[in-house]
Amino acid sequence: MMKSVLIAVVSAVQAYLLGSIDTGILVSKFLYHDDVRKYGSGAAGMTNMLRTFGKKAAALTAFGDVLKGVLAVCIGRWLFTLMPESTMLSPYLAVYLAAIFAIIGHLKPLYFGFKGGKGVLVAAGAGTILAIQPVLIPFLAVIFLACLLPTGMVSLGSVTMAALYPVLTILYGVFRGYSAADLTVCTIGSVIMAAMVIYMHRSNIQRIREGKEYRFGRHGKQ
């Protein structure tokens, strides 16, 4: 029992520490000698990097954020293979535990004053989902683009994508015939991930309601 708890703790800690490596902050600091968090939304995510420093900065940020999410989940999955054979835990507990703590690390990075990005690329955008359920990525991409293209609002696409992620997870689990235990873990894990991303976009949601949210390709006050 103690070994199982220790492995779970190590999995969560490594995911948090990896998640705390904030690509946006590092790129803005070392390539542009500035801090992206001083501009725009104040977040260190891809969207604010794009608005502040351009496409190259955004691409590097996206790559780093996705990579750390994938690594955190893969390491967490491997750590759980070290569990005693008598431990009857869903294998999905490993990946969702790592995924959630990687997102926490990105949102509240240990190395950067606990002020990071909004978790979209690490979670709903691709990172951890790429390692957990890559088959869902095309569907989430379609949802994102369906919101972004007509409105120009990245935040709307991000929130909608996050909100529908648990629904897609449940449908996929039922389709694949997951056991009740596995489906329960996947449902709870995906709901927590989605809730975290949506919560971090609460100011964006308020601006959308007021018609003031930033729109790419649109000029003037919205």
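The values are calculated or read from the model by the stated rules, or taken from the named source; none is laboratory data. Fair warning: this is a prediction, and the values are worked out from it, not measured in the lab. All Cβ positions, glycine included, derive from the backbone under ideal geometry; neighbour counts span all protein chains shown. When the accessible area is computed, the model is the full protein with side chains, heavy atoms only, and any ligands, DNA or RNA have been set aside. Shrake-Rupley method; radii C 1.70, N 1.55, O 1.52, S 1.80 Å.
Some observations on this one:
- Here the simple spin-label model places points 7 Å from the Cα toward Cβ, and for Ile188 and Lys108 these points are separated by 2.0 nm.
- Too-long pairs where the Cα-Cα distance tops 23 Å, listed order kept, from Lys29/Lys212; Lys29/Lys115; Lys108/Lys212; Lys68/Lys212: Lys29/Lys212; Lys108/Lys212; Lys68/Lys212
- The angle separating the long axis of helix 154-176 from the principal Cα axis of greatest extent in the chain is about 20 degrees.
- The orientation-averaged shadow of the Cα convex hull for the range 42-99, equal to a quarter of the hull surface, comes to 4.6 nm².
- Ordered from largest to smallest accessible area (heavy atoms of protein chains, 1.4 Å probe), the residues Leu71, Leu140, Leu18 come out as Leu71, Leu18, Leu140.
- Calculated FRET efficiency, Phe216 to Leu6, Cβ-Cβ distance, R0 = 30 Å: about 0.05 to the nearest 0.05.
- Using alpha-carbon coordinates, inclination of helix 55-80 to the longest axis of the chain, degrees: 10 degrees
- Each peptide in 202-209, 183-190, 90-97 was scored by the mean count of other Cβ atoms within 10 Å over its residues; highest first, the order is 90-97, 183-190, 202-209.
- Counting only protein heavy atoms and a probe of 1.4 Å, the accessible surface of the range 1-115 is 73% carbon and sulfur.
- Considering only Gly24, Gly54, Gly117, the Gaussian network model of the chain with Cα springs below 10 Å gives its largest mean-square fluctuation to Gly54.
- Fluctuation leader among Val73, Val142, Val191 - the chain, Gaussian network, Cα springs under 10 angstrom: Val142
- Kirkwood Rh in Å, taken over the range 1-59 so that all alpha-carbon pairs contribute: 12.9 Å
- Sorting 195-201, 40-46, 6-12, 170-176 by average packing, meaning the other beta carbons within 10 Å per residue, from highest down gives 40-46, 195-201, 6-12, 170-176.
- Over the range 138-222: Kirkwood hydrodynamic radius from C-alpha pairwise inverse distances, Å: 14.0 Å
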